[in-house]
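A quick write-up on the structure given underneath.
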Amino acid sequence: MDMEKYALTGHPLGHTMSPFIHSRLFELSQRNALYSVCDCPPESFDNCFKSNLRNINGFNVTIPYKQTVIPLLDRLDSDAEFYGAVNCVACGEHAVGYNTDAYGFCAALDSAGISLEGSVLVLGNGGAARTVAFEAARRGCKVTIASRSDKGQVLAKELERRLGCEIEVLRFSQIIGGYDLVVNATPVGMFPHTYECVLEKEQLRGSKALMDLIYNPQQTVLVKYANELGMKVAQGMEMLVWQAARAHEIWYGASFEPEKISEVVVDANAYMERHFGSKKDAPVVLLGFMGCGKSTVGSALAERLVWDFVDTDELIVKQEGMSIPQIFDERGEAGFREAEHRACLKAAQLRRTVIATGGGAMTFERNISAFADCTKIHLSIPFSLARERVGNDKSRPLFGSDAENLYNNRLPLYQKAADLTVDASQSVDTISERIMKIL
Ligand code: NAP
């Protein structure tokens, strides 16, 4: 089958997650397709549409062409018509414009177990706030818009006129909790200003759920507050991936299991943080039980990336001037853990380095914190394989008769510490390939 062609158009495009997300979705659908980026300046957009975009299978549209593209299309679907904006076009005999924003928003809420009903507070009055406010009002929610200027009133008036509902408008300082859902549709808290937050924590108290449309970083200060207050939380990357999934449904009738979308979301978060966020060039940390292949996979990965490779156990030996069994003999496990923590703190300062950690290191909160800005990957293997690989290795003081219990205790801690988990019972090449996709 010939390769299908899809693209994203907009200007300027700068950092975009679209090629990564769409390529993953094509891979899931086993579709032979190429997704490229078409950064097109305004003076040549018409030409670019006619000579390029119109002739491929489909494309996504972003700022500033979501309205500009409309007169060039043969027809619009009902959502694109309703919102007066197009972000997805299916080409073919007819070029048809769609809008998948509201679908992505609702699907992200759905997958977080949040229903779009009751009272909804929308923070902001820009493009995304407009979609959220319209969708909530369309579904009969009581909508409040928080705005820092009079533009909030303009949006409210449009909603009232078109949907015949009543919209409350507040300044941010007037917000107190009590909403069924709060949606952040402002960029406040986005990378690199990740310490900023559009609300005080107390202003969230009493509300039930939060959706933060920001996807870089994965966890904004607002999301952290909501988690601390025990609220349900939906995150921006979910919306981005679900919107993309809807485009695949439109283009070639794809449908994806929610679990598959969740996997793409996890990978997309890791990719985004490494390429456009706080983890750029930060170490990749491999963790897992003895025998999972941290050193072998780590060296192979470092070679592919042309990065350095360090093993925290080797750092400890160098730092303490004695072997690991010797440290255990002389200082006990507690003494070893202290030395290990010092090695983790040092390793976390490195750049462009793959780090293999000792089997117990990442079961300690203080070491996880030391590697907070690194991408942490759990190499997961069944216990039987660990025993087969290291059962007779005398340099592993903790692999004794109690090893299976140790494995069972550590497994959930690894899962909690890691940004993603990779099946490490496969070949080193397969494991490295899988990790390289994210890096
Ligand atoms: P936009 O059209 O520029 O709107 C931004 C809104 O935020 C405006 O109402 C703006 O107010 C308000 N705002 C900006 N700084 C503020 C501050 N310091 N205090 C209070 N309000 C402030 O942007 P957008 O396209 O709607 O996007 C908004 C956010 O949603 C971005 O972070 C974007 O990345 C995210 N987003 C995510 C998805 C997704 O799929 N996850 C999709 C779309 C958008 P003024 O009008 O007064 O300037």
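The values are calculated or read from the model by the stated rules, or taken from the named source; none is laboratory data. Worth saying up front: this structure is predicted, and the values here are computed from it rather than measured. Heads up, the Cβs are rebuilt from the backbone with ideal geometry, glycines too, and the neighbour counts pull from every protein chain shown.
Computed values, structure above
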read-out: Qualifying residue in segment 259-276 (condition: hydroxyl-bearing (Ser, Thr, Tyr), in contact with a strand residue (DSSP E or B) (Cβ under 9 Å, 6 or more places away or on another chain), over 22 Å from THR186 (Cα atoms) and away from the ligand (no atom under 13 Å from the Cβ)); value: no
read-out: Test: residue in segment 333-345 that is at positive phi and in contact (Cβ under 8 Å) with a residue 12 or more places away in the chain; value: no
read-out: First in segment 189-213 and within 20 Å of ALA108 (Cα to Cα) and among the aliphatic types (A, V, I, L, M), second anywhere and in a loop (DSSP other than H, G, I, E, B) and within 13 Å of the ligand (Cβ to nearest atom), Cβ under 6 Å, 6 or more apart; value: MET190/ILE214; LEU213/ALA185
read-out: Criterion: part of a helix (DSSP H, G or I) and without any contact (Cβ under 8 Å) to a residue 40 or more places away in the chain - qualifying residue of ALA137, ALA107; value: ALA137
read-out: Extreme residue, nearest to ALA146 (Cα to Cα), among residues of segment 175-191 that are in a loop (DSSP other than H, G, I, E, B) and within 13 Å of the ligand (Cβ to nearest atom); value: ILE175
read-out: Subset of segment 140-158 (residues that are surrounded by fewer than 16 Cβ atoms within 10 Å (Cβ to Cβ) and within 13 Å of the ligand (Cβ to nearest atom)); value: ARG148, SER149, ASP150, LYS151, GLN153, VAL154
read-out: Leading residue by the ranking (nearest to VAL183 (Cα to Cα)) among those in segment 214-250 that are assigned to a loop (DSSP other than H, G, I, E, B) and hydrophobic (A, V, I, L, M, F, W, C); value: ILE214
read-out: Flag for VAL241 being within 16 Å of the ligand (Cβ to nearest atom), closer than 25 Å to ILE56 by Cβ and not aromatic (Phe, Trp, Tyr); value: yes
read-out: Exclusive hit being more than 15 Å from the ligand (Cβ to nearest atom), in contact with a helix residue (DSSP H, G or I) (Cβ under 7 Å, 6 or more places away or on another chain) and either at pLDDT 95 or above or within 30 Å of GLY58 (Cβ to Cβ) (or both), set ALA137, ALA108; value: ALA137
read-out: When residues of segment 227-239 are limited to those that are in contact (Cβ under 8 Å) with a residue 24 or more places away in the chain and more than 18 Å from the chain's Cα centre (by Cα), the one surrounded by the most Cβ atoms within 10 Å (Cβ to Cβ); value: MET231
read-out: Test for GLY236: is it more than 15 Å from the ligand (Cβ to nearest atom), out of contact with any helix residue (DSSP H, G or I) (no Cβ under 7 Å at 6 or more places or on another chain) and modelled with pLDDT of 95 or more; value: no
read-out: Selection status of ALA282, within 12 Å of the ligand (Cβ to nearest atom), among the small types (Gly, Ala, Ser) and in contact (Cβ under 8 Å) with a residue 24 or more places away in the chain; value: no
read-out: Scan of segment 187-222 for residues that are more than 19 Å from the chain's Cα centre (by Cα) and surrounded by fewer than 19 Cβ atoms within 10 Å (Cβ to Cβ), ordered by number; value: GLU196, GLU200, LYS201, GLU202, ARG205, GLY206
read-out: Whichever residue in segment 113-122 is surrounded by 20 or more Cβ atoms within 10 Å (Cβ to Cβ) and closer than 13 Å to ILE167 by Cα and, among such residues, is nearest to the ligand (Cβ to nearest atom); value: VAL122
